[in-house]
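Report on the following structure.
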Amino acid sequence: MQRLDVEVASDFLVMASTLMQLKSKALLTMDQEAQEEVKGEKEKLAQQIEEYEQVKEIVGVLEKKQDEAEKIFRTRVRKAGVKKKRDPKTIPGQLFEVFKNAYNELKMREKIYKVSGEQYSLSKRIKKLRVLLKENKRISVKSLFEEANDKLDLIVTFLGILELIKLEFASFDKEVEGIYIYLKESV
């Protein structure tokens, strides 16, 4: 069964009722003033339809440009025969558990009356993580989280790790000792 788009259906009903109203006025009224009113409403409706067509055309052009941009900027080439080592169903939950444990530990360590003027930058954190990964080849996620000074620092580190994985600069594996992040060889 096709999904009904309420907004499109309501627009259709408004247009249909407007057209029926115009037609009934045109057929039922004989005086010149009412005919002029109908003519004005027809012109207004025609203008709205023209504007709708222009917007529809612009949306089409923008969608086409978006598709072209996705082809240019998001293409990744994979080596033939290379398979992922991790189970995509279990690792995100495990990564979240490590994050949650570090967050709770920081929550207990934080003082109640703490004034902090420090700002954290996600782009700087990503650069720092990439440098660390180039130097160490692999890093324990838990150790990265334990280095956090406060909750915001922990969250920025977590987002940096996720962004590196999303952009395919890094990957992670679960080992006996914990979850480790490592720099992908192709980067």
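Results, tabulated for the structure shown:
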{"quantity": "Order of Asp173, Asp5, Asp153 under a 10 Å beta carbon neighbour criterion, fewest first", "calculated": "Asp5, Asp173, Asp153"}
{"quantity": "Packing-based exposure ordering (other Cβ within 10 Å, fewest first) of Met20, Met15, Met30", "calculated": "Met30, Met20, Met15"}
{"quantity": "Which of Glu175, Glu105 has the fewest Cβ neighbours within 10 Å, and the rest in rising order", "calculated": "Glu175, Glu105"}
{"quantity": "Surface/4 of the Cα convex hull for segment 6-73, nm²", "calculated": "5.6 nm²"}
{"quantity": "Surrounding net charge for Glu97, when Lys and Arg each add one and Asp and Glu each subtract one, Cβ distance under 11 Å", "calculated": "+3"}
{"quantity": "Inter-site label distance for Asn149 and Lys184 at 7 Å from Cα along Cβ, in nm", "calculated": "3.2 nm"}
{"quantity": "Sites Val61 and Phe12 - FRET efficiency at Förster radius 25 Å, r taken between beta-carbons, to 0.05", "calculated": "0.55"}
{"quantity": "Out-of-range pairs (alpha-carbon distance over 32 Å; input Lys100/Lys137; Lys25/Lys64; Lys71/Lys124; Lys64/Lys142)", "calculated": "Lys25/Lys64; Lys64/Lys142"}
{"quantity": "Dipole magnitude (debye, nearest 20) for segment 6-73, charges at Cβ of Lys, Arg, Asp, Glu", "calculated": "160 debye"}
{"quantity": "Theoretical FRET efficiency, 1/(1+(r/R0)^6), r = Cβ-Cβ of Leu167 and Lys100, R0 25 Å, to 0.05", "calculated": "0.55"}
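Every number here is computed from the coordinates shown, using simple stated rules; none is lab data. Everything quoted here is computed from the prediction, not taken from an experiment. Neighbour counts are summed over all protein chains in view; Cβ atoms, including those assigned to glycine, are modelled from backbone coordinates with ideal geometry.
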